[in-house]
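A.B. asks: Okay, here's the structure, questions in a sec.
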Amino acid sequence: MRAGIRLGVDVGSVRVGLAASDPGGILATPIETIERDPTSGADQGVIAAAVLEREVLEVVVGLPRSLSGGEGPAAQGVRTYATTLAARISPTPVRLVDERLTTIDAHRKMRDSGLPGRAQRAVVDQAAAVLILQAALDAEKSTGLPPGELVAGRKPRAPRTKAGGSRR
């Protein structure tokens, strides 16, 4: 098992949940919930700051597949988010891991603990991030391999001129 802190990310349409592991990569704990800001990317700025502050080994982002294993619009949105994040925090790697049912499990665990519905909204994304990260940590522990799929961050292209060349 590789030593180092991992950051878990649950990307929602409204909020993004964050979790972190201990330096030994054994246990995931919640960090915070960030308001999603697709326009300015401020949410990704918060994640990038956490990567630097915690000296993160890698970031694990949950990929919402359907029960059949397919990928719909939500999964494509997360792939785009992860690709942008990977470019922003390079050279820290970003990995996508299957997150089927983690938000449902997080809601169930909070309901079972007696947390009222309104209070759940504030922390469900963190709880889902914990479940995503813990599953990734456990998978690495059992296989000895980094979990999920490595995301290649793409830098934005330079604008093209009318002649077809770039402006560089």
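A.B. asks: Looking only at residues that are in a loop (DSSP other than H, G, I, E, B) and either of a type in the set (Ser, Thr, Tyr) or free of Cβ contacts under 8 Å to residues at least 40 places away in the same chain (or both) in region 79-101, which one is surrounded by the fewest Cβ atoms within 10 Å (Cβ to Cβ)?
C.D. replies: Per the criteria, the residue is Pro91.
A.B. asks: So, one more: Quickly run through region 44-78 and pick out the residues that are among the charged types (D, E, K, R) and surrounded by 20 or more Cβ atoms within 10 Å (Cβ to Cβ).
C.D. replies: If the condition is that a residue be among the charged types (D, E, K, R) and surrounded by 20 or more Cβ atoms within 10 Å (Cβ to Cβ), then Glu58 is the only one that fits.
A.B. asks: Related question: Starting from region 30-53, keep only residues that are under 20 Å from Gln134 (Cβ atoms) and among the hydrophobic types (A, V, I, L, M, F, W, C), then list their pairs with residues that are at pLDDT below 95 and not in a helix (DSSP H, G or I) whose Cβ atoms are within a distance under 7 Å, requiring at least 6 positions of separation or different chains.
C.D. replies: Ile34/Arg15
A.B. asks: Return yes when Ile26 is of a type in the set (A, V, I, L, M), in contact with a Lys or Arg (Cβ under 9 Å, 6 or more places away or on another chain), loosely packed, with under 14 Cβ neighbours inside 10 Å and over 11 Å from Asp125 (Cβ atoms) and no when it is not.
C.D. replies: When the stated conditions are applied, Ile26 passes them.
A.B. asks: A follow-up question, please. Among (1) more than 14 Å from the chain's Cα centre (by Cα); (2) of a type in the set (Val, Ile, Thr); (3) closer than 19 Å to Gln126 by Cβ, which single condition is Val56 missing?
C.D. replies: (1)
A.B. asks: Could you list, ordered by first residue, the pairs with Cβ atoms under 6 Å in which the first is in region 122-146 and closer than 27 Å to Ser13 by Cα and the second is surrounded by fewer than 17 Cβ atoms within 10 Å (Cβ to Cβ), at least 6 apart or interchain?
C.D. replies: Close Cβ pairs (under 6 Å, with a partner that is surrounded by fewer than 17 Cβ atoms within 10 Å (Cβ to Cβ)) amount to Leu131/Asp105.
A.B. asks: On to the next question. Does Ala82 meet the test of being at pLDDT 90 or above, under 13 Å from the mean Cα position of the chain (by Cα) and either over 20 Å from Glu32 (Cβ atoms) or not aliphatic (A, V, I, L, M) (or both)?
C.D. replies: no
The values are calculated or read from the model by the stated rules, or taken from the named source; none is laboratory data. Predicted model, so just to flag it, every value in this text is computed and none were measured. A quick note on method: Cβ atoms are made from the backbone with ideal geometry, for glycine too, and the neighbour counts reach across all protein chains shown.
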